[in-house]
Amino acid sequence: MEAKGGGGSLGFKKIGGKKQTQGTKNYFEATAKGMSRMRGKAGSVAKELLKAYKEGRSLQKTPAEVVYLYAKTPIEAGPNGKALLQNIAARQFDLRR
C-alpha cells in the first residue's frame, strides 16, 4: 500500500542506476527484496510477499495473490483553519508491467 495524504505524491528510488517510481514492478520487487533481508517480522512478511508474488502461493503452499494499492487523501483548509479531508481516491497498481 502506498498511501499519500495532503498534497503528497508518489516517491521514487534509484534501482540499478534508473529512477523507479512507487507502484512499478521494479520498485515493488526491490523494496520487497530489501525487506526480506531484515530480521524479525518485517523480513518474514517480505519473504511471504515475494513467494506469493513470484509463485502465486504462500509459504504454506496455499493460493495467494499480491495486491499493490495506492490511496490518496487530499486535505484542504476548512472553516476556522481546521483540516478537512476530501474524497479519498484509491486504485490498484499493475505489477505485470
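Some notes on this structure:
- Positions within the range 1-51 being surrounded by fewer than 13 Cβ atoms within 10 Å (Cβ to Cβ), part of a helix (DSSP H, G or I) and of a type in the set (S, T, N, Q), in sequence order: none
- Beta carbons closer than 9 Å, at least 6 apart along the sequence or on distinct chains, pair a first residue in the range 64-88 that is in contact (Cβ under 8 Å) with a residue 24 or more places away in the chain with a second that is among the β-branched types (Val, Ile, Thr) and in a loop (DSSP other than H, G, I, E, B) for Ala71/Ile88; Lys72/Ile88; Thr73/Ile88; Pro74/Ile88.
- Residues of the range 52-75 classified as modelled with pLDDT of 85 or more and surrounded by 11 or more Cβ atoms within 10 Å (Cβ to Cβ), total: 16
- Residues in the range 59-91 that are in a loop (DSSP other than H, G, I, E, B) and farther than 21 Å from Asn26 by Cα: Leu59, Gln60, Lys61, Thr62, Pro74, Gly78, Lys82, Gln86, Asn87, Ile88.
The values are calculated or read from the model by the stated rules, or taken from the named source; none is laboratory data. These numbers were taken from a predicted model, which means no experiment stands behind them. Neighbour counts are summed over all protein chains in view; Cβ atoms, including those assigned to glycine, are modelled from backbone coordinates with ideal geometry.
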